[in-house]
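The values are calculated or read from the model by the stated rules, or taken from the named source; none is laboratory data. This structure is a prediction, so every number in the text was calculated from the model and none was measured. No Cβ is skipped: glycine too gets one built from the backbone with ideal geometry, and neighbour counts run over all protein chains shown. For accessibility, only protein heavy atoms count, side chains too; no ligands or nucleic acids. Shrake-Rupley method; radii C 1.70, N 1.55, O 1.52, S 1.80 Å.
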Amino acid sequence: MKLLDIRKKILFLNVPNECTDRMVFSPPLGMAYLAAVLGRKNFQFKGIDMAATKQKGRDCYLSAPKKYLREIKRFRPDYVLISCLVHNRFNVFYWSKKIKETLKGVKIIIGNHFASSKPVEILKNIPWIDYVVVGEGEKIIAKLIHSLEEGNKRGLAG
């Protein structure tokens, strides 16, 4: 794969789950793995962890604090990658819609356990999500983004 001529921007977004009273905090390692893979390519990164504390989790669950929307808008990502699990899926859908409303042209890519188990249903029922990565994201994410950058609008499985 050739390097892209223009450095594309990728936002890694970690959204909180719905159980804000029982939140367990752990670093979003899956996103770190993806960043390590994409770090070898010509991308610019930013990560926003909205689930780092109970307060952030409460503030960011089905609510869009203006400071995060401003931060996302200021970065102007080309791609937003979000981990979609059973316990945070509604917030993933909420935030991906907010981001799509805020930034025209941004591509929303989700992955992880819940997304991998329901890709067809998600793409059919949540039209503001552009792509679902099924299985191990580290193996496919760079290929997917390069495929999209080369003009394949349907992704890889298309």
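Residues of the chain: accessible area per residue at 1.4 Å, in Å²?
Each residue of the chain exposes 55 Å² on average to a 1.4 Å probe.
Sort 29, 148 by accessible area with a 1.4 Å probe, largest first. Intermediate results must be reported in sequence, preceding the final value.
On the way: 29 95, 148 15 Å².
Result of the area sort, largest leading: 29, 148.
(1) 2, 9, 20, 23, 23, 15, 6, 2, 1, 0; (2) 1, 8, 16, 18, 17, 12, 8, 5, 4, 3, 3, 2, 2, 1, 1, 0, 0; (3) 2, 9, 17, 23, 23, 17, 8, 2, 0: which one is P(r) over Cα pairs in 5 Å bins from 0, in percent as calculated from this entry?
Computed from these coordinates, P(r) over Cα pairs in 5 Å bins from 0, in percent corresponds to label (1).
What part of the accessible area of segment 27-128, given as a whole %, is carbon or sulfur when the probe is 1.4 angstrom?
56
Quick check: the angle from helix 89-102's long axis to the longest principal axis of the chain, C-alpha only, nearest 10 degrees?
60
So, in nm, how far is label residue 71 from label residue 121 when the simple model puts each one 7 Å beyond its Cα toward the Cβ?
3.2
Treating the angle as unsigned and between 0 and 90°, give the value, to the nearest 10°, between the Cα long axis of helix 29-38 and the longest Cα principal axis of the chain.
20
Express in Å², to the nearest 10, the accessible area of residue 122 obtained by rolling a 1.4 Å probe over the protein heavy atoms while all chains stay in place.
10
If one takes the longest principal axis of the Cα atoms in the chain, at what angle in degrees, from 0 to 90 and to the nearest 10, does the Cα axis of helix 137-149 lie?
60
Distance check, please: which entries in 9/73; 56/139; 56/124 exceed 21 angstrom between their Cα atoms?
Working: 9/73 12 Å; 56/139 31 Å; 56/124 30 Å.
Too far apart for the 21 Å limit: 56/139; 56/124.
In Å and whole numbers, how far do the C-alpha atoms of segment 71-158 stretch along each principal axis, longest first?
34, 31, 22 Å, listed from the longest principal axis down.
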